[in-house]
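Down below is the structure, laid out as structure tokens.
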Amino acid sequence: MPVTCRLCSRPAEVEGLCAACALRAVRAARRQDKRARLAEVPKSPLDDRLLWPSEVAMRLRVDRTTVYRLLKAGKLRGVRVGRRVQVKLSSLEAFLVKNRTRQV
Ligand SMILES: [Zn+2]
């Protein structure tokens, strides 16, 4: 006996669906993907982790004074929080990307 579509009574062709319902399912999935993409909100600065210079130093395997030197020279972007400076994780990432060597 012929298999019928699980959504309507037409004969099924792909995965238990008729051609029309299969096409509708594909389109619905595509719309869902698009909706998910549009729902991605731009990252807020508040989502960024803040690192202390000592943490940056550990991560870069340099002395803490090197981190302060980079901050003072403007090579590494910091965030002043009161009297202390912290570094956003994205700033550290930007620093690492910017200072990549072309060749070693
Ligand atoms: Zn159908």
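Suppose we filter GLY16, GLY74 for residues that are exposed (fewer than 11 other Cβ atoms within 10 Å of the Cβ) and at positive phi; which single one remains?
Values: GLY16 fails: exposed (fewer than 11 other Cβ atoms within 10 Å of the Cβ).
Checking each option against the conditions leaves just GLY74.
Of the residues ALA39, ALA25, which is more than 19 Å from ALA94 (Cβ to Cβ) and within 16 Å of the ligand (Cβ to nearest atom)? Don't jump to the end; show me each part of the working.
Values: ALA39 fails: within 16 Å of the ligand (Cβ to nearest atom).
Going through ALA39, ALA25 in turn, the sole match is ALA25.
We did not get these values from a lab; they are worked out from the coordinates using the rules stated. As the structure is a computational prediction, the values presented were derived from the model and not from experiment. Every residue, glycine as well, gets a Cβ built from its backbone with ideal geometry; the counts of neighbours run over all protein chains shown.
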